[in-house]
Amino acid sequence: MEDPWQDAMDHAVALARKAGTLVRDAVQNDMKVMLKSTSVDLVTQTDQKVEKLIIESVAKKFPTHCFIGEESVAAGEACVLTDSPTWIIDPVDGTTNFVHGYPFVAVCIGFAVNKQLEFGVVYSCIEDKMYTGRKGKGAFCNGEALQVSDQRDITQSIVASEFGSTRDPEVMDKVFSTMRKVLCLPVHGLRGAGSAAINMCHVAAGSVEAYYETGIHCWDFAASAVIVSEAGGVLMDVEGGPMDLMSRRVVAANCQVIAERIVKEIDAFQPTRDDAAAQD
Amino acid sequence: MAEWTECMNFGISVAKQASQVVLDAFKKDKEVMLKSSPADLVTETDQRVEKILISAIKEKYPTHKFIGEESVAAGDRVELTKAPTWIIDPIDGTVNFVHRFPFVAISIAFAVNQQTEFGIVYSLVEDKMYCAQKGKGAFLNGVPLLTSGQEDVNQCLVVTEIGAERDDLALYTMTSNIMRLLKLPVHGVRAVGTAAVDMCLIATGGADVYYHIGMHCWDIAASAIIVQEAGGVVIDTDGSEFDMMSRKVIAASSLPVAKRIAEVVQAFPCRRDDVDPSMCICGASSC
């Protein structure tokens, strides 16, 4: 049976590659930096340019489709996931890395229909690694199949996470108390690439066992969630329930046992949901 | 000196040859042994690669001396004399190697009269050969490297590691250092899992400062000269002159940034690499 979304996915891969080339070129040049949210949450002209490129191209080919894009939302668009085919876009995941030339920067394109994620594309453009996942058809990096780690013992695991862009002291206390508890399990180590999408692709690739973070947005993990799942991994909320794309939180792991063990150590908190305005 | 250039080129070629052993083993399952803690790992590949490097270098330079991580683990003393000395970490990022996390480096430094003359860091999964010879600049796959030059700590991207210690004091010190830095604020904190590659990222300009407590001389001797030759500075975490045996380092884009980081970062006690391992950390012969 023909895949109704194959065409859309092929288009997403081509667009991610085109956008990624733009991003990679911009790393060599002057990048304009505007401040967003706090002095540590950055956005550049390239973020906006890339998102515009993707949305315009998709809208032309699929005029009935909807969009949730990081920069569009920042400009005032609603962040609402309906049943319509919806493209969930982070034009530059890892903007701080991008500004510095630190080599983990990804173009992320997720696609959902009837509120179910159908495919995800994450192009780690400085490394030239194209990660893809299609529901029911597996996950790949540059054409090679991805498979999560088969580790079941948390004390033999590497965990990825980030410190986030909020400097609110109460939030930071929770981030650090969680981190200390995870380290004391003990785990083999902690890694942080500076991009949620790339951290999750490392779970899919089997090189880390788990990733957790609170404070990310739906566009940061919609695409990589499909990639983790199709590589055999599991996704859940930081309090153990099912993953909720609008909740600003995720745990991605190679297996249920590791995910649940991480969840036990997390000092959970709830940032404002991505769909909060819609619920008012 | 021209003769050290020849040594460096030889070092680069043996690093490349030895990397094949690591790459062959990379995709396979490994038998893992523990060293000082449940997060301080070693494999048979670490030991094999060090033997290959040392025997190749000894054959060409029979009078030269060696400080190698696995030789020291097997009982050799760490002693940097005036003699030409190769300081070797056969696999920096052993945890990464075990997990197939693709940042693993062979690190080779060379010192004469206790001064580092050149450094080689081969990030072998990425096929990135970083090198620097004193007074001749730093290079990545032949392309010159330059640090970011950043002088404002609030615009800095910081790279560090939690390290292998899991005791309360070390963990508390390492995590509270990160919290204080984030609050300065800095742009962010990153971790790739190998001191050598972390420091080379400073040399590329892709990040602005690296600091660590608890690593060993073989982890940073090579990358320290790479950072310096790329225009960066390397000092101790207490703000004093860099001492590769002290188990503490800050490598930064500029002196103002390095000094600012030194004001914030606290160290936990570590036995120096060049001290008799039977001595207590505090320096007494027994506690």
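Give the residue, chosen from B:GLY188, B:GLY193, that is crowded, with 22+ Cβ neighbours inside 10 Å, more than 15 Å from B:ASP92 (Cα to Cα) and facing chain A (nearest Cβ under 7 Å).
B:GLY188
Quick grid of which residues meet (1) facing chain A (nearest Cβ under 9 Å); (2) of a type outside the set (Gly, Ala, Ser); (3) assigned to a loop (DSSP other than H, G, I, E, B):
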| position | (1), (2), (3) |
| --- | --- |
| B:ILE88 | no, yes, no |
| B:ILE91 | no, yes, no |
| B:VAL98 | yes, yes, no |
| B:PHE101 | yes, yes, yes |
| B:VAL121 | no, yes, no |
| B:PHE139 | no, yes, no |
| B:THR147 | no, yes, yes |
| B:GLU161 | yes, yes, yes |
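Tell me yes or no: at least one residue of region B:177-194 is basic (Lys, Arg) and within 14 Å of B:ILE261 (Cβ to Cβ).
yes
Of all residues in region A:238-264, how many are in contact (Cβ under 8 Å) with a residue 24 or more places away in the chain and either buried (at least 19 other Cβ atoms within 10 Å of the Cβ) or in a loop (DSSP other than H, G, I, E, B) (or both)?
Total satisfying the criteria: 18.
Would you confirm whether or not region B:165-176 contains a residue that is touching a strand residue (DSSP E or B) at 6+ places or on another chain (Cβ under 6 Å), among the aliphatic types (A, V, I, L, M) and more than 9 Å from chain A (Cβ to nearest Cβ)?
No - not one qualifying residue is present in region B:165-176.
Keeping to region A:145-163, report how many residues are out of contact with any strand residue (DSSP E or B) (no Cβ under 7 Å at 6 or more places or on another chain), at the interface with chain B (Cβ under 10 Å from one of its Cβ atoms) and not hydroxyl-bearing (Ser, Thr, Tyr).
The number of residues fulfilling the criteria is 3.
Filter region A:194-208 for residues that are within 30 Å of A:ASP275 (Cβ to Cβ) and either more than 7 Å from chain B (Cβ to nearest Cβ) or assigned to a helix (DSSP H, G or I) (or both) and give the result.
Across region A:194-208, the qualifying residues are A:SER195, A:ALA196, A:ALA197, A:ILE198, A:ASN199, A:MET200, A:CYS201, A:HIS202, A:VAL203, A:ALA204.
When region A:80-97 is examined, which residues are found to be within 14 Å of another protein chain (Cβ to nearest Cβ) and part of a loop (DSSP other than H, G, I, E, B)?
The answer is A:GLY94, and nothing else.
Could you check region B:237-249 and list, in sequence order, the residues that are farther than 13 Å from B:CYS217 by Cα and assigned to a strand (DSSP E or B)?
Across region B:237-249, the qualifying residue is only B:GLU241.
Looking at the structure I just gave you, is B:ILE250 under 19 Å from B:ILE225 (Cα atoms) and modelled with pLDDT of 90 or more?
yes
Just one of B:ASP219, B:ASP243, B:ASP208 is at pLDDT 95 or above and within 14 Å of another protein chain (Cβ to nearest Cβ); which is it? Please lay out each step first, then the result.
Details: B:ASP219 fails: within 14 Å of another protein chain (Cβ to nearest Cβ); B:ASP243 fails: within 14 Å of another protein chain (Cβ to nearest Cβ).
The match here is B:ASP208.
The values are calculated or read from the model by the stated rules, or taken from the named source; none is laboratory data. All figures in this text were calculated on a predicted structure; none of them were measured in a lab. In this analysis, Cβ positions are derived from the backbone assuming ideal geometry, glycine residues included, and neighbour counts consider all displayed protein chains.
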